[in-house]
Structures are given as C-alpha cells and as structure tokens.
Amino acid sequence: MTVAEALWCPLGQSVLRQPRHLVAPAPPESESWWDHQGALAVVFGGGPASCDGDLVLPVRLPQGAGSWAHTAHRLAEPRLWHKVNLVRLRAPGVPGGWRYEAHLLVLKAPYTSPSSARRRLAAAGPDRRAGIDVNVSRVAVVSVDRELTEVRACSITAGPKERASLAAEQLRGRRRARAMERSRRCRNPTQYQLSRAQQRRAKMRVEAGQRAVTVNLPRGSRLANSAGVPRQAYHLDVLSGGYRRLRAEVAAAGAARTRARDDRARSCAQELVWVHGASLVVEDCDLRLWARRWGRSLLAFTPGRLVSAIADEAGAVTTRSGTGLVRASTRTTALSQNCLCGERVPKALAERTHRCPSCGLIGDRDLVAAALAAFVTLSDPHSPGTARVDYQAARRALARIEGLQAALSESSAAPPPRPLRRRDGREQASARRRRAARRSAGSALPTTPDEPPRQLARRDHAGPSLAHAGPDQRLVFGQDLWPGA
C-alpha cells in the first residue's frame, strides 16, 4: 500500500505496522537503489573506490496520534527533492552522552492541520487593525474594527505557575552548576588554591604537631598569573563521567525549556491573531538593549519570542487578508508619550497610568499605547521610519466607541500608606490601609527597576462585552484566551 492509497482508508484502520527491531531492506535485483520500491531506508554509498559496500539503515516512521498526517504530507510525493542531515543530540541516558539521528528534509510547504486552517480562515475574516505594546513583563494588545464601533483589549503576562516553574528550573540549574564545579575541583586539585578556612585548619594541625591531611576538594580560587589568566586552560582539565553526564543534562534541559517556550508562544500568538486579526503594529524596539539592562528578568516572559511567534502566525494568515505584523519607529510615533486625542503626555518609566489633561482619558499606560498603535500608518511597510499616527482616526474612535474609556482604564485608587513602625520595629496595622483595599484583586504584575513596588494587586480591566469573555482579558501563559471557543 502506498501513501496515496493509505490516505483514502477510513478512520480507525491501521495502515502502518513496524516491528520493534527494524531490518535493513535487501538491494533490488538490478543492484541499483534507484529501483528500490520497498520500505524507506537511508543508503550511504561508499563510491566506486570503496570496498566496504553500501551502508543501509532502515527508517522508523513516526507513529502515534496525529503523526500519520505529517508523515503522509511529506512522503506522498516521492519525486520531490529530499535531503538527509546527520544530527548529533545530547542524550544523558545514552552511553557516551550523545544520540545520532538522520533527519529527512523535504522541499515542500510545511504541514497545516485542518483545525489550524479553519482558525486562520476565521482570523482572516474580520477587518480589524490592532496595536501591540511590549515591555519586559507584559504585552498589551488593543484592536478596533474599520467602522470604529468595537474595541477589544487584552494583556499577556507571566502567571504564577510560569514563574514558579522558572524558579524551580533555576534552582535545579544552580544545583547542577555546583555539582559540576565540585567535580572539576576534585579531578583537578592542583589547579586550585585552598580556601582561608582550609589554610587556617592546615596551619593549626601543623602547630599541634598532627599529620597533614590531603585536601581532595580545594575551595579557593583557581591558580592564575598576575594578569588573572588561569595557568591551565579549562579545556585541558580532566573531567569525570559524572561531570559529562551533568553537562549533558544541562544541555537537554535547556533544549526542552526552549521547545516549551516556543510552544507556549505559538499558542498565545494563535489566540491573539484569531481574536484581533492579522493586521498588527508593534514598536520597533531592540530587545538586545533590554537584555543588557534587565538581564535574566526577560527569561520569565520572553517578549521577543512572543512577538516573533505573532509575526509568524500573522504572516500565515496574510495569505488570505491582512498586512501581517509591521514595525513602527518609536522616534516618529512616541506611543507611550501621547494620547489618543493628540495631546502629548510625558511620562516616566515608573508612571504606569495615563492621565490626559486635555480629553480626560485615564487608563493603563500599556493599553493606551497599544490603542494608539492601532492607528499607525506606514507609507512603506518595510521602513519603520515612515510610521505616523493617524490622530484624526484616533479622535473619532475616542468619540464614537462606547466603552473605550473603560476598556483602556483600570482602577487608579491611591496606593495604601506605608505601614507604621512601632518602637520594637514591628509593623503596626493601619485602619486606613484596610479601608483602601480593593474588593476584586488579581495577580500583581512585576515592576521595572525604577518603578516603585505595587502594594495592591491589579484588577482586570472592564469594558464592553465580547463573545465568551470581556474585551480585556489578562492572558496568562498556559491559559486559553477564549475557553468557550
């Protein structure tokens, strides 16, 4: 049965059966592998000058739920160009710490499941334009329709489950690093100095006339010259088998974490494009500068990975409609420093609430910037410097869309007073603090370095009703935006 014939089989019929131990197929009678019509195999020809013959490796096709559709998509046309890549992967459980695989690459469009095709078709239907505001710990998205009658807003943050998982992974990473450092020091004791405590203990034994003890784990610094360069390069150190296993575990854990973050970003991007459409505008920011300032704080949210996933999903939808994800220069737009009415409202990074003295708009800074990005126009979509804000359309939306103020605003209640200190240093409860507590509390967002810490949790934004949920839903990683869909 060929792949094309198997595609016409009814659901539930088994079309692929593979033994546990695959056997290499025999060469055809013509002794030319180009005439082979049997099971799929990878053949490495030694060439005319080789006396070893051909190396024939059987191929195990992926099995399981959802795998057959991918296999049939790639193998249904044998005449397409194929390529075989030999890949070496870290595998802590394999002897030697490496697993070798042969990957078959097919020059063909990637597989798209029927559910993804239906979702993208639905996302291409509504004629909407959306704006995205990105910061270190949050992504805000606001979209409006072309008739300026409806607004949808949502924000994406890293939830408590994601942060707890990241903290646990960082703890395991620190433990592995300490174990690897101890192993390196034990196998190369002559390359490290004794710590002060070890030197003091050795001196006390000498003064007491006791026998000197060999230190197997020196805890001091590495021996180096006057310039601080180690006397022996690290790659010349003797490594134990345990060290190599730990190194393989670190590499495997990093690869698994990367795959999980990619999958999480794709899921969020699919939800966003489905709700807000495929015409999106985001500020043209260099995330490498963010990494220099905030460092590992970006690991809990990975905004760059999420924006890239949104661009890929929007690009897949733009084959039917939409402009995809375009970038606007921050110098010509200054989204976070302007209001929808056109008034310039300067704000410091620590100020997270937008208050316009001209039109009276009070709202969340990120959501207002995302709403303003929805009205950005570019004369050249490939040139971020040509971006300009259409303030006339923004003013019409501010006047016509009912509930825009509520969708972009959140509680601006004054923060509670600082706790009073008693003479013994303990905090004293304040009645005013209890009265200022909000009745509906959500998850607090992390603060930026120059932002004062929030004493109260932030609540979800209110706004006009939308199918299955409110227009401003805080989307947490691992949670569906529209559960009822």
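Here Cys186 does not fit the description of being touching a residue at least 40 places away in the same chain (Cβ under 8 Å) and either over 41 Å from the mean Cα position of the chain (by Cα) or outside the structural domain of Val229 (by TED's automatic domain parsing) (or both). Against the list (1) under 27 Å from the mean Cα position of the chain (by Cα); (2) surrounded by fewer than 17 Cβ atoms within 10 Å (Cβ to Cβ); (3) in contact (Cβ under 8 Å) with a residue 24 or more places away in the chain; (4) in the same structural domain as Leu22 (by TED's automatic domain parsing), the condition Arg90 fails is (2). Set side by side, the residues Gln198, Gln191, Gln170 differ, and just one is among the polar types (S, T, N, Q) and under 21 Å from Leu236 (Cα atoms), which is Gln191. For segment 152-164, the criterion of being part of a helix (DSSP H, G or I), aliphatic (A, V, I, L, M) and more than 33 Å from the chain's Cα centre (by Cα) is satisfied by no residue at all. Annotation note: of Leu325, Leu349, the sole residue that is in contact (Cβ under 8 Å) with a residue 24 or more places away in the chain, of a type in the set (A, V, I, L, M, F, W, C) and buried (at least 21 other Cβ atoms within 10 Å of the Cβ) is Leu325.
Scan segment 111-119 and tell me whether some residue there is over 25 Å from Val43 (Cα atoms), under 27 Å from the mean Cα position of the chain (by Cα) and crowded, with 17+ Cβ neighbours inside 10 Å. Yes, some residue in segment 111-119 is over 25 Å from Val43 (Cα atoms), under 27 Å from the mean Cα position of the chain (by Cα) and crowded, with 17+ Cβ neighbours inside 10 Å. State whether the residues of segment 146-154 include one that is over 21 Å from Gly403 (Cα atoms) and in contact with a helix residue (DSSP H, G or I) (Cβ under 6 Å, 6 or more places away or on another chain). Within segment 146-154 (the criterion being over 21 Å from Gly403 (Cα atoms) and in contact with a helix residue (DSSP H, G or I) (Cβ under 6 Å, 6 or more places away or on another chain)), the answer is no, since none of the residues qualifies. Scanning segment 124-152 for residues that are out of contact with any strand residue (DSSP E or B) (no Cβ under 9 Å at 6 or more places or on another chain) and within 15 Å of Leu335 (Cβ to Cβ) gives a single hit, Asn135. Take the conditions (1) closer than 30 Å to Pro303 by Cα; (2) not assigned by TED's automatic domain parsing to the domain that holds Leu325; Arg245 misses just one of them, which is (1). Checked against the criterion of being closer than 17 Å to Ile156 by Cα and either within 17 Å of the chain's Cα centre (by Cα) or among the small types (Gly, Ala, Ser) (or both), segment 284-293 has no qualifying residue. Looking only at residues of segment 146-178 that are exposed (fewer than 14 other Cβ atoms within 10 Å of the Cβ) and among the small types (Gly, Ala, Ser), we find that the one that is farthest from Asp364 (Cα to Cα) is Ala177. Filtering segment 293-322 to residues that are closer than 19 Å to Asp380 by Cα and crowded, with 16+ Cβ neighbours inside 10 Å leaves Ala311, Ala314, Thr318, Gly322.
Going by the structure shown, is Arg187 among the charged types (D, E, K, R) and farther than 30 Å from Glu249 by Cβ? Considered against the rule, which asks whether it is among the charged types (D, E, K, R) and farther than 30 Å from Glu249 by Cβ, Arg187 comes out as no.
For segment 97-110, the candidate set comprises residues that are in contact (Cβ under 8 Å) with a residue 12 or more places away in the chain and not in a strand (DSSP E or B); within that set, the residue that is surrounded by the fewest Cβ atoms within 10 Å (Cβ to Cβ) is Leu107.
The values are calculated or read from the model by the stated rules, or taken from the named source; none is laboratory data. The structure displayed is predicted, hence computed values, not measured ones. All Cβ positions, even for glycine, are placed from backbone atoms using ideal geometry, and neighbour counts span all protein chains on display.
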